[in-house]
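Here's the structure, in structure tokens; my notes come after.
Just so it is clear, none of the values below were taken in a lab; they were calculated from the coordinates. Owing to the predicted nature of the structure, the values given are computational and were not obtained by experimental measurement. Methodologically, a virtual Cβ is constructed for each residue, glycine included, from the backbone with ideal geometry; neighbour enumeration extends over all protein chains shown.
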Amino acid sequence: MFDFQTLIQLIVSGISVGMIYGVVAFGYQLTFATSKTLNFGQGEALMLGSLAGFTIMTQIGSIFGIPLPIAYVLMLPFVLIFGMAQGALVEWLGVRQAIKTKSEAGWIMATIALGIIFKNLAENIWGRDTFTFPNPLPEQAIQIMGIRILPMEVLIVCGAIALMAAVEMFNRRSIYGKAVVATAADIGAAGLMGVNTAQVITLSYALSSLTAAFAGVLVAPVTLTGAGLGSALGLKAFAVAIIGGLTSGVGVVVGGVLLGITDRLTGYYISTGYQDVPGLVLLLLVLSFKPSGLFGKSAIKKV
Amino acid sequence: MLTVENLVAGYGKVRVLQGISLDVQQGQLVTLIGSNGAGKTTTLRALSGMIKPDFGSIRIGGADITGLSSHEITRKGVAHSPEGRRVFPVLSVEDNLVMGAFTRLTGSRPKGDVKADLARMFDLFPRLAERRLQLAGTLSGGEQQMLAMARALMLNPEVLLLDEPSMGLAPKLVEEVFSTISRLKAAKVTMLLVEQFAAAALEVADYGYVLENGRIAASGPAERLKNDPAVKAAYLGAAH
Ligand SMILES: Nc1ncnc2c1ncn2[C@@H]1O[C@H](COP(=O)(O)OP(=O)(O)OP(=O)(O)O)[C@@H](O)[C@H]1O
Ligand SMILES: [Mg+2]
């Protein structure tokens, strides 16, 4: 017996979680573009963002007695700044030296290690248990033709798209954004333009963690939050970045949504125990047959 | 303007430049010629900070720039149009030029009139004007070469380093490149030109240096080098 309504319902909720994967994967792309390195602690950056957001929001809420939606909006700039600082710290502590000495293993080990440290730190500050993140929007689902959509799910999709669009606008329109694009294209030539490319790499780490922190406060109201929030999400987003391609902005959105939907479908029709399997299988398939990702360009044409 | 003394540089443990000295006066066009692998590109890379010198000193207008990073050297007014053009393929022609003016737009060099300079570049290289919004990666080799030169000029440089601007171009385009260089010279742009077409380079230059195996083998006013029998035999033969 096949219930079409349920299928649509699963797809719709898969889209919102998929957008989260997409945004975090987009963060992986940002550092890869400028430095060919990845922050394997992206998931922990997301978790820290969500926990910092929780604390800031409850502080704002309790001190001034401000309603939740407003407290949520007021919290955002703090979390974004927090994310940037955290990302810059990761670059400074773990990546800069490895880039200088051209050590491949260096940044991999360092970003993984920093991720673990951040997780331990979070466990000590916020405890090991999961807890609910205050939902700024109504808990009641909107009904559209029998499909239930949470207001927060709508906000996730819009927020994710808005953030990626904002970064894209920065890259296209501002002189500093163009410097980022130039650094990604040819770091030596960018240096000749007078661009401090080491700073651009730091900036890309800051933006990458900002993205993750933002994703953290977007997703937390519909899931639970806690020090364990990041690990699974970080790995999923990494799979998305590989599946979609480390160079394709469209790729991570499509890859994220694809993975979000397959997660939900497997969880419902097969077993929640196998929920993570299809995505990882897809990851393995892409790695063996199209390592540049489904949407990745192999190389830019040189004349 | 640019003074290099006893410069030693290379890649890792490989020393390419064995101690070279050269001088580029303000408003002069100086050319550096030599066979493949002599170290011409390496010299320009060391001057613009793309590689760090092991020894020696580089000064620009009296300021010591030895050992600075390339972005710091650029901020002192050294523009480098590198070997292989290295335009930004994913940026438009115009954005490539804007990147040439990055230091001016971000306050580390006097701003001047960037818009007017853009217009000037499009006058100097009309082909680029037609392709203003096209991605640089889709330009032909010759067009990319013009873009690389124009991008370097957007710095309003104290000195312009040109690495084989004629490389890989059809004869007609080579002529065009040299006539552009003459026009820049007439406009009093200080230049250090590396060229494979030694005869043509000595024709436009004021002064020349001949590089051999990382050493300066000969130098002098271009007029004199052109007629030097040894230089003639080695660099101005039928092959050049
Ligand atoms: N990145 C590099 N790493 C190691 N060795 C290099 C590198 N680039 C150049 N070399 C070596 O340095 C020497 C000088 O090279 P360079 O590119 O400066 O020569 P050139 O005079 O510019 O020659 P050409 O006319 O072919 O451009 C060569 O022996 C070359 O093999
Ligand atoms: Mg060369």
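Which distance in nm do the two modelled labels at A:I112 and B:A217 give, with both placed 7 Å along the Cα-to-Cβ direction?
Here the modelled spin labels are 5.3 nm apart.
Whole angstrom only: what separates the Cα centroid of the range B:52-94 from the Cα centroid of the range B:8-29?
The distance from the Cα centre of the range B:52-94 to that of the range B:8-29 comes to 13 Å.
Kindly state, to the nearest 0.05, the FRET efficiency for A:Q199 paired with A:V154, given R0 = 30 Å and r defined as their beta-carbon distance.
Values: r = 37 Å, r/R0 = 1.23.
Efficiency computed from Cβ-Cβ geometry: 0.20.
GluC sites (Glu not before Pro) within the range A:100-164: which are DSSP loop residues with at most 10 other Cβ atoms inside 10 Å? Can you show the working numbers first?
On the way: sites: A:E104, A:E123, A:E139, A:E153; in loops: A:E139.
The qualifying sites are A:E139.
Can you give the net charge of the other residues whose Cβ lies under 14 Å from the Cβ of B:I73, counting K and R as +1 and D and E as -1?
Charge balance in the 14 Å sphere: +3.
Which value, in debye to the nearest 20, gives the size of the charge dipole of the range B:86-156 about its Cα centre, when Lys and Arg are +1 and Asp and Glu are -1 at the Cβ?
180
Compute the distance from the alpha-carbon center of the range B:181-200 to that of the range A:179-233, in whole Å.
Taking the Cα centre of each part, the range B:181-200 and the range A:179-233 sit 43 Å apart.
Percent relative contact order of the range A:4-289, based on C-alpha pairs within less than 8 angstrom and at least six residues apart?
Once divided by the residue count of the range A:4-289, the mean separation gives 40 percent.
Work out, step by step, the length gained on full extension between A:Y268 and A:E104: first 0.36 nm times the residue separation, then minus their alpha carbon distance; give nm to one decimal.
55.0 nm
If the chain between A:I8 and A:T132 were fully stretched, how many nm would it gain, using 0.36 nm times the residue separation less the Cα-Cα distance?
Result for the pair: 42.0 nm of gain on full extension.
How many Cβ atoms of partner chains, on average, are near each residue of A:177-187 if near means within 10 Å of its Cβ?
On the way: counts 0, 9, 4, 0, 5, 9, 1, 2, 10, 7, 0.
For this peptide, the per-residue mean of nearby foreign Cβ atoms is 4.
Place +1 on the Cβ of every Lys and Arg and -1 on the Cβ of every Asp and Glu in the protein assembly as shown, take the dipole about the Cα centre, and give the residue among B:V177, B:V78, B:L225 whose Cα lies farthest towards its positive end.
B:L225
Using the charge dipole of the range A:63-162 (Lys, Arg: +1 at Cβ; Asp, Glu: -1 at Cβ; taken about the Cα centre), state which of A:G159, A:L121, A:L137 has its Cα farthest towards the positive end.
The Cα lying farthest towards the positive end belongs to A:L121.
Give, rounded to the nearest 20 debye, the magnitude of the charge dipole that the protein assembly as shown has about its Cα centre when Lys and Arg contribute +1 at Cβ and Asp and Glu contribute -1 at Cβ.
About 580 debye.
Helix A:42-64 sits at what angle to the longest principal axis of chain A, using alpha carbons and giving 0 to 90 degrees rounded to 10?
Roughly 60 degrees, rounded to the nearest 10.
Projected onto the charge dipole of chain B (+1 at Lys/Arg Cβ, -1 at Asp/Glu Cβ, origin at the Cα centre), which of B:T103, B:G56, B:T42 gives the Cα projection farthest towards the positive end?
B:T103
Tally Lys/Arg at +1 and Asp/Glu at -1 over every other residue whose Cβ is under 9 Å from the Cβ of B:L17; what's the total?
On the way: positive: B:R15, B:R215; negative: B:D54.
Here the count lands on +1.
Classify the range A:104-148 as rounded, prolate or oblate, taking a ≥ b ≥ c as the square roots of the eigenvalues of its Cα gyration tensor: rounded when a/c is under 1.5, otherwise prolate if a/b is larger than b/c and oblate if not.
Because a/c hits 1.5 or more and a/b fails to exceed b/c, the range A:104-148 counts as oblate.
In degrees, nearest 10, range 0 to 90: what is the angle between the Cα axis of helix B:114-124 and the longest Cα principal axis of chain B?
The angle comes out near 70 degrees.
Considering lysine pairs in chain B that are 8 or more places apart or on different chains, how many have Cα atoms under 28 Å apart?
Lysine pairs, 8 or more places apart or on different chains, close enough: 25.
Could you compute the longest span of chain A free of trypsin sites (Lys or Arg not before Pro) located in DSSP loops and having at most 16 other Cβ atoms within 10 Å, not counting the site residues? If you can, show how the numbers build up before the last one.
Details: sites that count: A:K36, A:K102, A:R128, A:K297, A:K301, A:K302.
The reported range is A:129-296.
Give me the dipole magnitude in Debye, nearest 20, for chain A about the Cα centre, with unit charges on the beta carbon: positive for Lys and Arg, negative for Asp and Glu.
With only Lys, Arg, Asp and Glu charged at Cβ, the dipole is about 960 debye.
Using a 10 angstrom cutoff on alpha carbons, build the Gaussian network for chain A and name the most mobile of A:T111, A:T266, A:T211.
Residue with maximal mean-square fluctuation among A:T111, A:T266, A:T211: A:T266.
How big is the gap, in Å, between the Cα center of the range A:80-98 and the Cα center of the range A:3-68?
Here the two parts' Cα centres lie 18 Å apart.
Take every DSSP beta bridge whose two residues both sit in chain B, then give the antiparallel share in percent to the nearest 5.
Close to 60 percent.
What nm distance separates the two modelled labels at B:E72 and A:L89, each placed 7 Å from Cα along Cα→Cβ?
In this crude label model, B:E72 to A:L89 measures out at 2.9 nm.
Express the relative contact order of chain B as a whole percentage, based on alpha carbon pairs under 8 Å and six or more residues apart in sequence.
It rounds to 27 percent for chain B.
Which angle from 0 to 90°, rounded to the nearest 10, does the C-alpha axis of helix A:249-269 make with the longest principal axis of chain A?
30
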